[in-house]
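Enquirer: Below: one structure in structure tokens.
The values are calculated or read from the model by the stated rules, or taken from the named source; none is laboratory data. Since the model is a prediction, treat every value here as computed from it, not as a measurement. Because the Cβ atoms are built from the backbone with ideal geometry, glycine has one as well, and the counts that use them run over all protein chains shown. Each accessible area value is taken on the protein alone, full model and side chains, heavy atoms only, with ligands, DNA and RNA left out. Shrake-Rupley method; radii C 1.70, N 1.55, O 1.52, S 1.80 Å.
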Amino acid sequence: MAKKKSNHLIVVFTQLITDILEKGGNTPMNYKQIASKLNLTDPESRETILLVLQEETHKGIFSEPQKGKFQLKELKTIVTGKVSMTSDGSAFIVPDDDLEEDIYIAPRKVGIALNNDKVRAYVFANTKGRRKEGEIIEILARAKMDFTGIVKISDNFAFFIPDDRKMLRDIFIPLEKLNGAKHGEKAVAKITNWPDDAKNPLGEITTVLGKQGENDTEMTAILAEYGFPLKFPKEVEQEADAIKDGITAKEIAKRRDFRDILTFTIDPADAKDFDDAISYRVLENGNYEIGVHIADVSHYVIPGTALDTEAFERGTSVYLVDRVIPMLPERLSNGVCSLRPNEDKLTFSAVFELDKKANVIEQWFGKTIIHSNRRFSYEEAQEVIEGKSEDLKDEILKLNELAYILRDKKFKQGAISFETSEVKFKLDEAGKPIGVYVKERKDAHKLIEDYMLLANRKVAELIAKKGKGKNKYTFVYRSHDAPKETALLSFAQFAGKFGYKINTSSSKEVAKSLNQLMEDVEGKKEQNVLTHLAIRSMAKAVYTTKKSSHYGLAFDYYTHFTSPIRRSPDVMVHRLLQHYLDGGKSVNEEEYEKLCLHASQMEKKAADAERASVKYKQAEYLQDNIGKEYNGIISGVTEWGMFVEIEENKCEGMIRLRDISDDFYVLDEKNYCIIGQRKKKKYQLGDEVRILVKKVELAKRQIDFKLLH
């Protein structure tokens, strides 16, 4: 018998043999005939073909209708793709080819693949009317090897139970690999080996996070779960600490000086990293010069340094419920780069001359130096707008007036206004939630947003129009595609059940209808459900070098220029903008597209981590309210239950279908509802229900509700 061959070799030879048999009309052939067709005459190759035929016949790939002769049992293809695990141990392969449908993998055919792994799989012949099914035969790349979870220790061994609901295998930890972890503690474990004959992988504890249920432990665990580093490497901190505070006369001479022009920041009350400032003055011709000044991070973070590499890898700052995990060390994010009041600061600016109708008459982009005169919180700026404060009253009111005009123009061009409720927690000193409230977005927030949008749009427009076709300049854009027609029609149909009409005849009419909808639902019980569903029907915004428009904002060109302290794409944009302002040639598009893909991936990870921290705090808050009744809105439906958002505090939990005893309920996916099979009672997305908090699993961030009839 031939020696056992590698998985990779088996895959290659299986595909070659399959091709030969298919071309020959699936006539049975022996291994020598197949080898001859492949022009393989050496004994080792022939032996390998025989081995593969025997092994794959055992798996059901080939059959042996005549002794020593083989044919395809079923026509199969081999695809590569990403694994999406389900809670029952089965999986779906999402093929790399977007045009291919997902492939179902039964639990026994998943092997040792884990969620999000890149794999190669056999796809069985698609029997008419059935979904595609397959078998995973090779792991090409592991998505992750490190997991957060709980350590369980017995006399002779230990197991590690991962938090990740899609990680269905516990990790076996030899006692000598515990590295100080104690029974019941939360930790990070790394898979080190997975023997062929083992049901569970082997691993070791790499980091002990602390006692389960403590705020710091749980927040740190969320960061580790999503792959964000828990501290900066020593080399990065050293580079940051070595940066000097002072600004030389030589550096000032290279820049446009705005230090004598009124400048201020408007940020959250607890913010420390001030990315942006606004300067304002009235020109002799009666127009207004408004400067959007952005921290010049690219001056301090030099390509190729450890600081730059770390910032790029992180991609973004992460905003958990109770803390910020900065992209840059505190020395930079809250110190050198932060546009703090009464300090000279280096900035990269977009300066606009606006007339009384907020038309851009002139624009200028370049390196500057500023001196912020005042630091406003959003609340303080709002008091000025509402006439409760006189501080810089004329300037802020004029800026607000012009911002209103810019906003109005944006909506007339087809921008969509999605005002979602942002939930905030009141925390005690230990980080425990003692209250929940919804953050309001007022004029002060929108004022800053409108000037940031103006700067982002005009920077993108400047580069996009510099060259066309082969002469275009590679740049980093923020792209947002139009929604898919099927998703939009599905949403329009659902909104119609509430009496709202969505006109899908053109992009402009869609935007107009959605804005009217957002206005009409404000303050109503269905607001959050319809807003979230509308957002879900939209495409996701991404970073790309492709010059595509931003559908949601109705801008032909858009980028992210205004937050380099907390977003790495903005640093890339600063560097590219300066390169092109200096007359530089276009950079490599393929290289920057890869950088954009990484930035988009890290942005999604950060958003997932932020949501996880909110889910944890919601569970922690409701843990003290088990047995309490609330009014809620059905916010989601699945085949195993319905999600309900409590009206009072926006906490979301699930009513499991198995717990509704008056009927057998099934999901009607098309109509966003569940229906009782006997009595035909229906619970639909947006319906109001009365619930009781039944159970809270803090470790899993799960809340279970009981439906009250």
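Enquirer: Could you tell me which of the pairs LYS508/LYS680; LYS272/LYS393; LYS82/LYS199; LYS458/LYS501; LYS468/LYS605 are separated by over 28 angstrom between their Cα atoms in the structure shown?
Expert: Details: LYS508/LYS680 39 Å; LYS272/LYS393 24 Å; LYS82/LYS199 22 Å; LYS458/LYS501 34 Å; LYS468/LYS605 34 Å.
The pairs that break the limit, which is 28 Å between Cα atoms, are LYS508/LYS680; LYS458/LYS501; LYS468/LYS605.
Enquirer: Continuing with the same structure: Can you give me the Cα centroid spacing of the stretch 453-494 and the stretch 403-447 in angstrom?
Expert: If we compute the Cα centre of each part, the gap is 24 Å.
Enquirer: Taking the Cα atoms of the chain alone, what are Rg (to one decimal) and Dmax (as a whole number) in Å?
Expert: 29.6, 98
Enquirer: Let me ask another. Size of the stretch 305-461 along its principal axes in angstrom, Cα-based, largest extent first?
Expert: So the extents along the principal axes, rounded to whole Å, are 50, 43, 36.
Enquirer: At a probe size of 1.4 Å, how large is the accessible area of SER600, to the nearest 10 Å²?
Expert: 20 Å²
Enquirer: Using modelled backbone amide H atoms (1.01 Å from N, in-plane), which distant-in-sequence or interchain residues come within less than 5 Å of PHE70's amide H?
Expert: Here MET29, ASN30 satisfy the definition.
Enquirer: So for the chain, taking the charge dipole from beta-carbon charges (+1 Lys/Arg, -1 Asp/Glu), which of PHE643, ALA106, LEU622 sits furthest toward the positive end?
Expert: ALA106
Enquirer: Per residue, what volume in Å³ does the convex hull of the Cα atoms of the stretch 16-127 enclose?
Expert: Working: hull volume 14.5 nm³, N = 112.
It is 129 Å³ per residue.
Enquirer: Please report, for the Cα atoms of the stretch 385-460, the Rg to one decimal and the Dmax as a whole number; what are they, in angstrom?
Expert: 16.6, 48
Enquirer: Can you give the calculated 222 nm mean residue ellipticity of the chain, where each DSSP H run of n ≥ 4 adds -39,500 (n - 2.57) and the sum is split over every residue, rounded to the nearest 500 deg cm²/dmol?
Expert: Values: 16 runs with 215 residues, N = 709.
The helix-only estimate for the chain comes to -9500 deg cm²/dmol at 222 nm.
Enquirer: Sticking with this structure for a sec: Around GLU237, with a cut-off of 13 angstrom between Cβ atoms, what is the net charge of the other residues, counting Lys and Arg +1 and Asp and Glu -1? Mind showing how you got there, number by number?
Expert: Working: positive: LYS231, LYS234, ARG331; negative: GLU235, GLU239, ASP241, GLU310, GLU330.
Residues close to GLU237 contribute a combined charge of -2.
Enquirer: With +1 on the Cβ of every Lys and Arg and -1 on the Cβ of every Asp and Glu, and nothing else charged, how large is the dipole of the stretch 322-425 about its Cα centre, in debye rounded to the nearest 20?
Expert: Working: 17 positive and 19 negative charges, 76 e Å.
Magnitude of the dipole: close to 360 debye.
Enquirer: Let me ask something else about it. Given the pairs LYS439/LYS540; LYS182/LYS700; LYS524/LYS694; LYS409/LYS524; LYS118/LYS432, which are separated by over 32 angstrom at their Cα positions? It would help to have the intermediate numbers written out before the result.
Expert: Working: LYS439/LYS540 24 Å; LYS182/LYS700 20 Å; LYS524/LYS694 27 Å; LYS409/LYS524 27 Å; LYS118/LYS432 39 Å.
Distance filter (> 32 Å) returns LYS118/LYS432.
Enquirer: Treat every Asp and Glu Cβ in the chain as -1 and every Lys and Arg Cβ as +1, leave all other atoms uncharged, and give the resulting dipole magnitude about the Cα centre to the nearest 20 debye. Could you put the intermediate results ahead of the total?
Expert: On the way: 112 positive and 113 negative charges, 466 e Å.
That gives a dipole near 2240 debye.
Enquirer: Given the protein chains as shown and a 1.4 Å probe, how many square angstrom of LYS465 are accessible, to the nearest 10?
Expert: 130 Å²
Enquirer: Report the charge-dipole magnitude of the stretch 155-306 in Debye, nearest 20, computed about the Cα centre from +1 at each Lys and Arg Cβ and -1 at each Asp and Glu Cβ. Walk me through the intermediate numbers first.
Expert: Values: 19 positive and 29 negative charges, 42 e Å.
Here the stretch 155-306 has a charge dipole of around 200 debye.
Enquirer: Whole Å is fine, so just give me how far the alpha carbon centre of the stretch 550-568 lies from that of the stretch 25-64.
Expert: What the calculation gives is 56 Å, centre to centre.
Enquirer: Loop only per DSSP, at most 16 neighbouring Cβ atoms within 10 Å: give me the GluC sites (Glu not before Pro) in the stretch 169-235, ordered by residue number. Walk me through the intermediate numbers first.
Expert: Values: sites: GLU176, GLU185, GLU204, GLU214, GLU218, GLU225, GLU235; in loops: GLU214.
Taking the stretch 169-235 and a limit of 16 other Cβ atoms within 10 Å, the loop GluC sites (Glu not before Pro) found are GLU214.
Enquirer: Another one. Using the Karplus curve 6.51 cos²θ - 1.76 cosθ + 1.60 with θ = phi - 60°, work out ³J(HN,Hα) for each residue of the stretch 686-702 in order, rounded to whole Hz, and write x for Gly and Pro.
Expert: x, 5, 8, 9, 9, 10, 10, 6, 8, 7, 10, 10, 4, 4, 8, 6, 10
Enquirer: Same structure, new question: Using only the alpha-carbon atoms of the stretch 533-616, report the extent along each of the three principal axes, biggest first, to the nearest angstrom.
Expert: 49, 26, 23
Enquirer: How large is ³J(HN,Hα), in whole Hz, for each residue of the stretch 107-122 in order, when computed from phi with the Karplus curve 6.51 cos²θ - 1.76 cosθ + 1.60 and θ = phi - 60°, using x for Gly and Pro?
Expert: Each residue's phi maps through the Karplus curve to give x, 6, 10, 7, x, 9, 6, 10, 4, 6, 4, 8, 9, 10, 9, 6 Hz.
Enquirer: Another question, if that's okay. Go from 0 up to the bin containing the longest alpha carbon distance in the stretch 474-546, width 10 Å each, and give me the % of pairs per bin.
Expert: That works out to 19, 48, 23, 9, 1, in percent per bin.
Enquirer: Oh, and also: Given a 1.4 Å probe and heavy atoms of the protein chains only, how would you sort SER349, SER507, largest accessible area at the top? Let's see the in-between values first.
Expert: Values: SER349 0, SER507 70 Å².
So, going from the largest accessible area down, we get SER507, SER349.
Enquirer: If you count, for each residue, the other Cβ atoms within 10 Å and average over each peptide, how do 588-598, 142-152 line up from highest to lowest?
Expert: Details: 588-598: 14.1, 142-152: 18.0.
Those peptides, ordered most packed to least, come out 142-152, 588-598.
Enquirer: Mind grabbing the accessible area of HIS579 for me, 1.4 Å probe, Å², rounded to tens?
Expert: Result for HIS579: roughly 70 Å² accessible.
Enquirer: If you don't mind, another one. Report the gain in length on full extension from ILE361 to THR80: 0.36 nm times residue separation, minus Cα-Cα distance, nm rounded to one decimal. Don't skip to the end; give the middle numbers.
Expert: On the way: separation 281, 0.36 × 281 = 101.16 nm, distance 5.31 nm.
Contour length minus the Cα-Cα distance gives 95.8 nm.
Enquirer: Using Cα pairs closer than 8 Å and at least 6 residues apart in sequence, work out the relative contact order for the chain, in percent.
Expert: Numbers: 1357 pairs, mean separation 60.1, N = 709.
With pairs under 8 Å counted, the relative contact order is 8 percent.
Enquirer: Using +1 at the Cβ of each Lys and Arg and -1 at the Cβ of each Asp and Glu in the chain, identify which of LEU320, THR148, ALA541 lies farthest towards the dipole's positive end.
Expert: ALA541
Enquirer: What lysines could a cross-link reach from LYS244, if we take a straight Cα to Cα line under 17 Å and drop same-chain neighbours fewer than 8 places away?
Expert: Qualifying lysines at Cα under 17 Å: LYS345.
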